[in-house]
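Any read-out appearing in this document is the output of simple, stated calculations on the displayed coordinates, not a laboratory observation. Being a predicted model, the structure only gives us computed values, none of them experimental. FYI the Cβ positions are ideal-geometry reconstructions off the backbone, even for glycines, and counts take in every protein chain you see.
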């Protein structure tokens, strides 16, 4: 249970940093920000393993997690913008 709470907390921090770095208005709530950060971390881990930068089971690291969250935030904004038009 503590691992899940820790993962969500780290995801929230990563999501907040990604939202602060990416330009534009991102009106996401706390839950979506945490999910964005967790998803960015998973994306960075998957890409790192696929490219041979990490081994399976290693964490991607803060910088890679933030970059992954920024990529997912761009994709989210593209999909949200397409649906609202």
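Gain on full extension, evaluated as 0.36 nm per residue between residue 7 and residue 46 minus their Cα-Cα distance, stands at 12.4 nm.
Order 4-12, 71-79 from most to least packed using the mean count of other Cβ atoms within 10 Å.
The packing order, highest mean first, is 71-79, 4-12.
Pairing the Cα long axis of helix 2-21 with the longest principal axis of the chain, what angle in degrees results, from 0 to 90 and rounded to the nearest 10? Approximately 50 degrees, to the nearest 10. Taking each residue as 0.36 nm, the span from residue 27 to residue 77 lengthens on full extension beyond its C-alpha to C-alpha distance by 17.0 nm.
Using only Cα atoms and rounding to the nearest 10 degrees, what angle (0 to 90) does helix 30-50 make with the longest principal axis of the chain? Between the helix axis and the principal axis of the chain, the angle is about 50 degrees. Here the relative contact order of the chain, from alpha carbon pairs under 8 Å that lie six or more residues apart, stands at 32 percent. In summary, the convex hull built on the alpha carbon positions of the chain has an orientation-averaged projected area of 6.1 nm².
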